[in-house]
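First the structure, in the form of structure tokens, and then the observations on it.
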Amino acid sequence: MHAGNEHLDPNYVAAYDRKSGFDPTDDLDVLCRHGLTTDSIVVDMGAGTGVFTAAVAPLCQQVIAVDVSPVMTAALRSRVERDDLDNVSVVEAGFLSYEHDASPPDFVYTRNALHQVPDFWKAIALQRLASMLRPEGILRVRDLVFDFEPVDAEGNIKDWLSGAVTDPTVGFTAEELATHVRTEFSTYSWLFEAVLERVGFTILDRHYRRSAYGTYTCMRHAT
Ligand SMILES: C[S@@+](CC[C@H](N)C(=O)[O-])C[C@H]1O[C@@H](n2cnc3c(N)ncnc32)[C@H](O)[C@@H]1O
């Protein structure tokens, strides 16, 4: 199993929420604008400790929170129990192994997880998400995606690293970002967008921050 080694480390997972500093408010607003209701079914892929899952659960009918790491799913289950979220199911599975055997979801959400798989597999993962969604269902995807040309890579990566935090408990350090570039599978925006379109999504909006963080709202084609 490839989950990113840190996601299998209980100490890293215990400290993850503070380090990540993730606020899902904007994502919830976008899902609501695209029709999220108390009848909606949501799949959170690579759900991690469940920050998004816990935030969306009160607004929808059911959340299926999927993560490949047993340490992350244990943290997720603790959150679900602690917050008494009786409409959340936690599934230990990955982008390439999760089988959705209930009604097709209206929304699939995934944040900062797809870069764990190389592009060949990422395309298959996105194809699987498209097949899982109902026609015209919405995929909200956020990931580390590089929005520049290869010729500008050195300068852009240097800029990105220069803005990193020094305290690893409240963010990602330059060393961690450099390890990400060397060993994980973030791709270029122009490749990522082409794959989204290739597997059957229309990109409704896209946003890049610091040339390194991509956010997309996509609709699965009607047929
Ligand atoms: C950086 S964390 C992000 C967690 C959460 N989505 C968030 O934004 O806080 C990445 C998560 O992706 C999970 N992951 C890694 N590879 C995966 C795969 N192939 N399938 C599903 N989840 C995976 C990891 O276990 C980890 O929980």
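The values are calculated or read from the model by the stated rules, or taken from the named source; none is laboratory data. Every value quoted in this text rests on a predicted model; they were computed, and no experiment measured them. Methodologically, a virtual Cβ is constructed for each residue, glycine included, from the backbone with ideal geometry; neighbour enumeration extends over all protein chains shown. Ligands, DNA and RNA are stripped out before the accessible areas are found, and what is left, the full protein with its side chains, is counted by its heavy atoms. Shrake-Rupley method; radii C 1.70, N 1.55, O 1.52, S 1.80 Å.
Hey, can you tell me all the residues within the stretch 1-51 that are in a helix (DSSP H, G or I), closer than 16 Å to residue 216 by Cα and among the hydrophobic types (A, V, I, L, M, F, W, C)?
Once the filter is applied, which keeps residues that are in a helix (DSSP H, G or I), closer than 16 Å to residue 216 by Cα and among the hydrophobic types (A, V, I, L, M, F, W, C), the stretch 1-51 yields 28, 30, 31, 32.
Being within 12 Å of the ligand (Cβ to nearest atom), open to solvent by 20 Å² or more (accessible area, probe 1.4 Å) and either assigned to a strand (DSSP E or B) or touching a Gly at 6+ places or on another chain (Cβ under 7 Å) (or both) is the filter here, so list the residues in the stretch 57-74 that pass it.
68
Return the residues of the stretch 1-42 that are within 11 Å of the ligand (Cβ to nearest atom), out of contact with any helix residue (DSSP H, G or I) (no Cβ under 7 Å at 6 or more places or on another chain) and either basic (Lys, Arg) or within 18 Å of residue 141 (Cβ to Cβ) (or both); say none if nothing qualifies.
Residues satisfying the conditions are 19, 20, 23.
Quick one: what pairs do we get from the stretch 1-25, first residue open to solvent by 70 Å² or more (accessible area, probe 1.4 Å), second near the ligand (Cβ under 10 Å from one of its atoms) and part of a helix (DSSP H, G or I), C-beta under 7 Å, 6+ apart or different chains?
From residues that are open to solvent by 70 Å² or more (accessible area, probe 1.4 Å), the pairs are 2/116; 10/71.
Return the pair list, or none, for Cβ contacts closer than 9 Å from residues in the stretch 107-128 that are aromatic (Phe, Trp, Tyr) and modelled with pLDDT of 95 or more to residues that are open to solvent by 10 Å² or more (accessible area, probe 1.4 Å) and within 9 Å of the ligand (Cβ to nearest atom), at least 6 apart or on different chains.
Partner pairs satisfying both residue conditions: 109/24; 109/47; 109/142; 121/95; 121/96.
When the stretch 75-101 is examined, which residues are found to be closer than 22 Å to residue 124 by Cα and more than 9 Å from the ligand (Cβ to nearest atom)?
91, 92, 99, 100, 101
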